[in-house]
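The values are calculated or read from the model by the stated rules, or taken from the named source; none is laboratory data. The structure presented is a predicted model; accordingly, all values stated were derived computationally and were not measured. For neighbour counting, all protein chains shown are included, and Cβ atoms are generated from backbone atoms with ideal geometry for every residue, glycine included. Accessible surface areas use protein heavy atoms only, side chains included; no ligands, DNA or RNA. Shrake-Rupley method; radii C 1.70, N 1.55, O 1.52, S 1.80 Å.
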Amino acid sequence: MDPGGQLDMQQLLEAATQMQNQLLSAQQELAEATVEGSAGGGLVRAVVNGQGELVDITISASAIDPSDPEETAQTLADLMLAACRDAY
């Protein structure tokens, strides 16, 4: 502020520019971040990036029961959904 109580327009613009740069930097950091979620004690893991995109799913071989493929498919679907929700 100048002695008359007025805001210095140049200082105000510089502060706004600095805040904008900080916001862009934070957005970039968030976009590059990843978060992992898991379900079933780690049988299924899901990775989501900072933009909310699912980028990877890992299913442990021990989660698959070859003697009951129908039940395994339903269980895996439930575990995948839970792992994704955990990551989000």
Select from segment 1-75 those GluC sites (Glu not before Pro) which occupy a DSSP coil region and have at most 12 other Cβ atoms within 10 Å, ordered by residue number.
-> Glu53
Kindly report the accessible area of the chain per residue (heavy atoms of protein chains, probe 1.4 Å, no ligands, DNA or RNA), in Å².
-> 74 Å²
Net charge dipole size for the chain [Lys, Arg +1 and Asp, Glu -1 on Cβ; Debye, nearest 20] = 100 debye
Taking the Cα atoms only, what angle lies between the long axis of helix 69-87 and the longest principal axis of the chain, rounded to 10 degrees?
-> 20 degrees
Mind computing the radius of gyration and Dmax over the alpha-carbon atoms of segment 11-67? Å is fine for both.
-> 19.5, 72
Please turn the phi angles of segment 7-15 into ³J(HN,Hα) values with the Karplus equation 6.51 cos²θ - 1.76 cosθ + 1.60 (θ = phi - 60°), one per residue in order, whole Hz, x for glycine and proline.
-> 6, 6, 4, 5, 5, 5, 5, 5, 5
Given a 1.4 Å probe and every protein chain left where it sits, what share in percent of the accessible area of the chain is carbon and sulfur?
-> 54 percent
